[in-house]
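Q: Quick one: this structure, given as structure tokens, is what I'll be asking you about.
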Amino acid sequence: MEQLDPRQFEAIERLLSSVVLPLSEDDVRELVSLLPADGDTAYGLNWTILHLIEAAPGWPHWEALQFQQGEWIDVLMRRLANAGISPPARPTRN
């Protein structure tokens with residue numbers, strides 16, 4: 001995302017600021033999928049995406065994070081851990 005020209009950046013910024021809250025689980029899943037695997041901030045746009053995700057009702061949606069990887073997922077997981085929130089235990093097989 002670091003290769004955005006100013007017009008592209010402004011268009012994305014407008015789209016993110018026009019997101020209607022509250023977000024659904026599907027919205028959260030889509031936003032999570034937009035976060036890059038590396039720590040690219042995209043000039044702050046990815047922080048905006050992260051804040052939208054965290055503001056969603058019922059957050060965290062563990063299913064949205066389940067198969068995702070990357071630095072942004074690590075950030076989300078660390079922030080949840082810092083808040084004392086951990087993923088539900090997986091059922092064990094007998």
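Q: Just the residues that are in a helix (DSSP H, G or I), within 24 Å of Val20 (Cβ to Cβ) and in contact with a helix residue (DSSP H, G or I) (Cβ under 7 Å, 6 or more places away or on another chain), please, taken from the stretch 55-78.
A: Ala64, Leu65, Trp72, Leu76 - these are the residues of the stretch 55-78 that are in a helix (DSSP H, G or I), within 24 Å of Val20 (Cβ to Cβ) and in contact with a helix residue (DSSP H, G or I) (Cβ under 7 Å, 6 or more places away or on another chain).
Q: Quick check: is even one residue across the stretch 14-30 surrounded by 15 or more Cβ atoms within 10 Å (Cβ to Cβ), among the small types (Gly, Ala, Ser) and in a loop (DSSP other than H, G, I, E, B)?
A: No: the stretch 14-30 contains no residue that is surrounded by 15 or more Cβ atoms within 10 Å (Cβ to Cβ), among the small types (Gly, Ala, Ser) and in a loop (DSSP other than H, G, I, E, B).
Q: Considering only the stretch 64-84, I want to know if a residue exists there that is in contact with a Lys or Arg (Cβ under 7 Å, 6 or more places away or on another chain), on the phi < 0 side of the Ramachandran plot and not aromatic (Phe, Trp, Tyr).
A: Here is the first cut: in the stretch 64-84, the ones in contact with a Lys or Arg (Cβ under 7 Å, 6 or more places away or on another chain) are 64.
Add one more test, that the residue is on the phi < 0 side of the Ramachandran plot, and what stays is 64.
Remaining after also requiring not aromatic (Phe, Trp, Tyr): 64.
Checked against the condition, which is being in contact with a Lys or Arg (Cβ under 7 Å, 6 or more places away or on another chain), on the phi < 0 side of the Ramachandran plot and not aromatic (Phe, Trp, Tyr), the stretch 64-84 yields at least one hit.
Q: Is it the case that the stretch 55-66 has a residue that's under 21 Å from Pro88 (Cβ atoms) and free of Cβ contacts under 8 Å to residues at least 12 places away in the same chain?
A: Here is the first cut: in the stretch 55-66, the ones under 21 Å from Pro88 (Cβ atoms) are 56-66.
Still in the list and also free of Cβ contacts under 8 Å to residues at least 12 places away in the same chain: 66.
Scanning the stretch 55-66, I find at least one residue that is under 21 Å from Pro88 (Cβ atoms) and free of Cβ contacts under 8 Å to residues at least 12 places away in the same chain, so the answer is yes.
Q: Being farther than 14 Å from Val75 by Cα and touching an Asp or Glu at 6+ places or on another chain (Cβ under 9 Å) is the filter here, so list the residues in the stretch 24-43 that pass it.
A: Glu25, Arg29, Ala42, Tyr43
Q: Which one of the conditions (1) of a type outside the set (Phe, Trp, Tyr); (2) assigned to a helix (DSSP H, G or I); (3) over 19 Å from Pro88 (Cα atoms); (4) over 11 Å from the mean Cα position of the chain (by Cα) does Ala37 fail to meet, given that it meets all the rest?
A: (2)
Q: What are the residue pairs meeting all of these: first residue in the stretch 25-50, first residue over 15 Å from Glu10 (Cα atoms), second residue assigned to a helix (DSSP H, G or I) and among the aromatic types (Phe, Trp, Tyr), Cβ atoms under 6 Å, and 6 or more apart or on different chains?
A: From the stretch 25-50, the pairs are Leu35/Trp72.
Q: Follow-up. It is to be established whether one or more residues within the stretch 1-9 are surrounded by 14 or more Cβ atoms within 10 Å (Cβ to Cβ) and in contact (Cβ under 8 Å) with a residue 40 or more places away in the chain. Step through it out loud before you land on a result.
A: Step one: filter the stretch 1-9 for residues surrounded by 14 or more Cβ atoms within 10 Å (Cβ to Cβ), giving 1, 4, 9.
Filter again for in contact (Cβ under 8 Å) with a residue 40 or more places away in the chain, leaving 1.
Among the residues of the stretch 1-9, at least one is surrounded by 14 or more Cβ atoms within 10 Å (Cβ to Cβ) and in contact (Cβ under 8 Å) with a residue 40 or more places away in the chain, which makes the answer yes.
The numbers here are math on the coordinates, done by the rules we state, and not lab data. These figures come from a predicted structure and were not determined experimentally. Reconstructed Cβ throughout: ideal geometry from the backbone, glycine too, with neighbour counts over all protein chains shown.
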